[in-house]
1. Taking 8 Å as the Cα distance limit and 6 or more residues as the minimum spacing, I'd like the relative contact order of the stretch 27-149 as a percentage.
2. Which aspartates and glutamates, on any chain, are close to Lys182 with Cα under 16 Å apart, when same-chain ones fewer than 8 places away are left out?
3. With runs of 4+ DSSP H residues as the only contributors, calculate the mean residue ellipticity of the chain at 222 nm using -39,500 (n - 2.57) per run, divided by the residue total and rounded to the nearest 500.
4. For Ala140, list long-range residues whose amide hydrogen, built 1.01 Å from N in the peptide plane, is under 5 Å from its own amide hydrogen.
5. Which residue fluctuates most in the GNM of the chain (Cα springs below 10 Å): Glu97, Glu32, Glu45?
6. Can you find, among Ser126, Pro201, Ser80, the residue sitting farthest towards the positive end of the charge dipole of the chain, where Lys and Arg contribute +1 and Asp and Glu -1 at Cβ?
7. Tabulate in residue order the Karplus-calculated ³J(HN,Hα) for the stretch 197-211, using 6.51 cos²θ - 1.76 cosθ + 1.60 with θ = phi - 60°, rounded to whole Hz; enter x for Gly and Pro.
8. Can you compute the charge dipole magnitude of the chain about its Cα centre, using +1 on each Lys and Arg Cβ and -1 on each Asp and Glu Cβ, nothing else charged? Give it in debye, rounded to the nearest 20.
Amino acid sequence: MKRIILLFLGLSLWTGLLRGQSDIVVFPKIVEQEVAVDLSNFEKEIVLRSKIINKAAHPISIRWEQDFMDQPFEWQADVSDKYYYYFLYDDERLKVEDVPPIDLKPGESFDLTLYVYPRGRANSASYFFNIIDARDSVIARIPYYIEVKDRKERMKHSSNVIKIFPNPAEGFFELAPNDNIKQINLYNALGSKTISYEYEPSKKYDVSKIPNGLYSIEFLDEYGHIITTVRIIVNNPRA
């Protein structure tokens with residue numbers, strides 16, 4: 001009889017724990033981001049978010065803690081929840097005792113937001129946070145992964161892979177896919193802008209109405225910066 005009672009109590013406790021875990025939904029469960037930024041801007045802020053949602057039919061109270069952080073020495077990272085903003089330090093982990101309880105009504109949510117400041121250095125980092133219920137049990141572990149690249153270096157690399165075809169162009173030209181291109185400007189031999197295009201993947205860029213000759217194509221990124229300039233010969237068939 002005692003074994004039956006203990007078994008029942010064990011099953012009840014396990015069911016309660018499972019129910020507690022299912023009451024909380026984390027989305028996304030893994031936060032990953034790869035960005036190319038201007039590292040000359042030392043104040044550049046990169047934001048990563050995971051949403052914690054109360055799916056229960058009753059209010060719940062949770063807390064969180066910093067579990068692990070591996071970032072370059074030069075970097076700075078901070079985190080915020082529903083109520084407060086916290087600084088993260090390499091030599092001092094943010095513990096659950098440092099975080100006031102967060103009360104969530106049914107259907108209510110909040111963002112656990114990570115702010116990363118690369119301070120001029122391209123590198124990668126990882127951050128882990130635990131979500132803790134009212135029983136002080138860890139019910140979710142959220143990893144944040146980030147890789148930061150130098151946008152200028154990326155543009156230099158992308159300029160090497162910008163491909164125009166056909167060249168000479170007869171009526172049109174095309175480009176190999178390149179996510180860094182935003183705008184395309186065509187200049188004649190005198191340096192006058194002849195045509196401008198908005199970049200579209202797989203698009204055929206019409207040059208059928210301009211005189212034959214040597215032209216320069218200027219490629220701009222989303223900030224209006226020149227990525228590179230490439231020469232093209234327009235050789236339209238004569239009517």
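Quick note: the coordinates plus some simple rules give every number you see, no bench work behind them. Because the structure is predicted, anything quoted here is derived from the model rather than measured. Cβ atoms come from the backbone with ideal geometry, glycine included; neighbour counts cover every protein chain shown.
1. This gives 41 percent for the stretch 27-149.
2. In chain and number order, the partners are Glu174, Glu198, Glu200, Glu218, Asp221, Glu222.
3. My calculation for the chain gives -4500 deg cm²/dmol from helical runs alone.
4. Residues meeting the amide H criterion: Ile131.
5. In the Gaussian network model the winner is Glu97.
6. In the chain, that residue is Pro201.
7. 10, 8, 5, 9, x, 6, 7, 9, 8, 6, 10, 6, 9, 10, x
8. 800
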